[in-house]
Amino acid sequence: MKLSAVLTLLFILSPLSALAAEGLSFSFGPVEIGKARNSINLRDFKLTHRRNGKVARARFVKGSVQWVRDENNLLSPRARVAIKVKKKNDIFIKYKGSGIIPVDKLKHVYTEIYVNLFDPKVIEVFMGPKLIETITISAKKAKRKNAQKSKLIDYSCVPYSLDILGLEGEYYSIGCRLERTGQFGKERPRLIVKLEATNFTLPDGSGSPFTVFLKDNSPVYIPLVNRRGMKTKVKITAKLPRRMHRLKTAFGFGPYFFDSSKGGKTENKTIAPAIMLYGKFDLYENSSLRFFDALMARGTIFNNSGLYFAYTIASVFDNRLTFVPLLGAQGLSFKFKGDDKFDHRFIYPQGFEVVYKHAFGLENYTMVYGMFLSTSSREDYENLWLRMGKRWFLEINYIRWGRDDSKASMWGLSAGIPFFSLF
């Protein structure tokens, strides 16, 4: 089996194993199943009946908790509520504007409904046109030792150091999405923050999710009221960059093992300095132009550069594992030790990257595996890389090229640092 195939298999299996170990759950339906970052104990949630409590019985279904991400980018736990109503005529249940018809069980009717534990809505039981009972959901305030388990600040908020004060011990979830505002070359960030909390509404009774727009590091105060009518103010802060640059570059350097040959002459196991330049120009949210240049010289000179269009075709496991094809072309220059002239070529290898965000539970750390393979039977080319880091990163890279009697191969470890940003 080729080295490229082995490394690809190892990389894909590694994050999959890690993600599975972190407690991912699966289900079907029009929601995206997310990572269970916190454990939920259904005993911390209470079902309360209003009106005739002898008509309906409600309970949480044991083991039914799932973490789901909705259209607001909020990661929340949901659980099934089982509802049993003594058999009457024309019973139906209304939840979030939808009418639900229970199943007839001879002496009673029965159904189960998924409810968002962090943003529960009222369950209403009707007999014909008459509302006969309501069921509400509330959460106990977590004890101090369990306070961290009740809150969920999503991975989407981690890059912006988002902080929240005023909901200590309460069950809540926060999700973030960064967007660009302003003219090209002068774009600034706007962070859209969504908050939902089990026991709170706005002063007019409006329920969550609550929306906050942050454009700088100024705090926002949200006035909330709990179920007992007590008022509180929740403070939200974040650290945002002043500008949103579309062009970002990085500079890499490190020692590489360098082998080359031409016309029967060889230079093997040479340790050569390597210099790399990486660039990315963001076009839209999920597409960009990528370019790179790798230069190695120690007697023999080898330079490899490329320009590629990159776009995300799939995101799985709560958007933490993404697949990015790379479509473009490369320029290659080779001058064997002692030769007077360079051999310049245009080659067209195509490739992809697999991006693992918050790798192995390390917040803001990203691991990237990528590869280019030749599309020509006359050109032997292979380029594989494994990168890990945040703004600074480490990269293991292997490049092998050959055509006719000219060959070069190199591998090594390089360190990458941010270089400059524009636009």
**Message:** To test your reading of the geometry: what angle, between 0 and 90 degrees and rounded to tens, separates the Cα axis of helix 3-21 from the longest principal axis of the chain?
**Reply:** 20 degrees
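Please find the FRET efficiency linking LYS141 to LYS105, where r is the Cβ-Cβ separation and R0 is fixed at 41 Å, and quote it to the nearest 0.05. Numbers along the way, then the final one.
Working: r = 37 Å, r/R0 = 0.89.
Between LYS141 and LYS105 the formula returns 0.65.
Determine the relative contact order of segment 132-215: mean sequence separation of Cα pairs under 8 Å and six or more apart, normalised by residue count, in whole percent. Please report the intermediate quantities before stating the final value.
Numbers: 125 pairs, mean separation 20.3, N = 84.
So the answer I get is 24 percent.
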**Asked** Roughly how many whole Å is it from the C-alpha centroid of segment 198-214 to that of segment 113-142?
**Response** 18 Å
**Message:** Which order do the peptides 70-77, 177-184 come out in when sorted by mean C-beta neighbours inside 10 angstrom, highest first?
**Reply:** 70-77, 177-184
**Request:** Tabulate in residue order the Karplus-calculated ³J(HN,Hα) for segment 371-385, using 6.51 cos²θ - 1.76 cosθ + 1.60 with θ = phi - 60°, rounded to whole Hz; enter x for Gly and Pro.
**Result:** 7, 10, 10, 5, 9, 10, 6, 8, 10, 8, 8, 8, 9, 10, 9
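Determine, for each peptide in 204-211, 90-97, the mean count of other beta carbons within 10 angstrom over its residues, then list the peptides with the highest first. Write out the running numbers ahead of the final one.
On the way: 204-211: 13.6, 90-97: 15.1.
Packing proxy ranking, top to bottom: 90-97, 204-211.
Under 14 Å from the Cβ of ALA79, count the other residues' Cβ atoms, weight Lys and Arg +1, Asp and Glu -1, and hand me the total. Let's see the in-between values first.
Numbers: positive: ARG43, LYS46, ARG59, LYS62, ARG78, ARG80, LYS121; negative: ASP44, GLU112, ASP119.
My count for the surroundings of ALA79 gives +4.
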**Item:** Two-site FRET efficiency, TYR365 against THR201, from Cβ-Cβ distance with R₀ of 25 Å, rounded to 0.05
**Value:** 0.10
**Approximate spin-label separation ARG43-LYS231, in nm, with each point projected 7 Å along Cα-to-Cβ** = 3.7 nm
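Please list TYR284, TYR356 in order of solvent-accessible area, largest first, computed with a 1.4 Å probe with all protein chains present. Intermediate results must be reported in sequence, preceding the final value.
Details: TYR284 180, TYR356 0 Å².
So the residues, ranked largest to smallest area, are TYR284, TYR356.
Charges only on Cβ, +1 for Lys and Arg, -1 for Asp and Glu: so what's the dipole of segment 247-422 about the Cα centre, in debye to the nearest 20?
Details: 20 positive and 17 negative charges, 56 e Å.
Result for segment 247-422 is approximately 260 debye, rounded to the nearest 20.
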**Request:** Could you tell me the distance between the Cα centroids of segment 332-400 and segment 220-249, to the nearest Å?
**Result:** 40 Å
**Prompt:** Taking R0 as 30 Å, what's the FRET efficiency between HIS344 and THR266 from their Cβ-Cβ distance, rounded to 0.05?
**Reply:** 0.85
**Request:** State the antiparallel share, in %, of DSSP beta bridges confined to the chain, rounding to the nearest 5.
**Result:** 100 percent
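Counting pairs of alpha carbon atoms under 8 Å apart in space and at least six apart in sequence, what relative contact order in percent does segment 50-137 give?
Details: 177 pairs, mean separation 26.3, N = 88.
Value for segment 50-137: 30 percent.
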**Request:** Would you calculate, for the chain, the mean residue ellipticity at 222 nm contributed by helices, counting each DSSP H stretch of 4 or more residues as -39,500 (n - 2.57) and dividing by all residues, to the nearest 500?
**Result:** -1500 deg cm²/dmol
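Can you divide the C-alpha Rg of the chain by 2.2 N^0.38 Å and report the result to two decimal places? Before the final figure, lay out each step's value.
On the way: Rg = 28.5 Å, N = 423, 2.2 N^0.38 = 21.9 Å.
Expressed relative to 2.2 N^0.38 Å, the Cα Rg reads 1.30.
When only Cα pairs under 8 Å and 6 or more residues apart are kept, what is the percent relative contact order across the chain? Could the numbers behind the result be given before it?
Working: 1028 pairs, mean separation 44.9, N = 423.
About 11 percent, as a whole number.
The values are calculated or read from the model by the stated rules, or taken from the named source; none is laboratory data. Keep in mind the model is a prediction, meaning the values are calculated, not measured. Note that we place each Cβ from the backbone using ideal geometry, even for glycine, and neighbour counts take in every protein chain shown. Quick note on the areas: whole protein, heavy atoms, side chains included, nothing else; ligands and nucleic acids left out. Shrake-Rupley method; radii C 1.70, N 1.55, O 1.52, S 1.80 Å.
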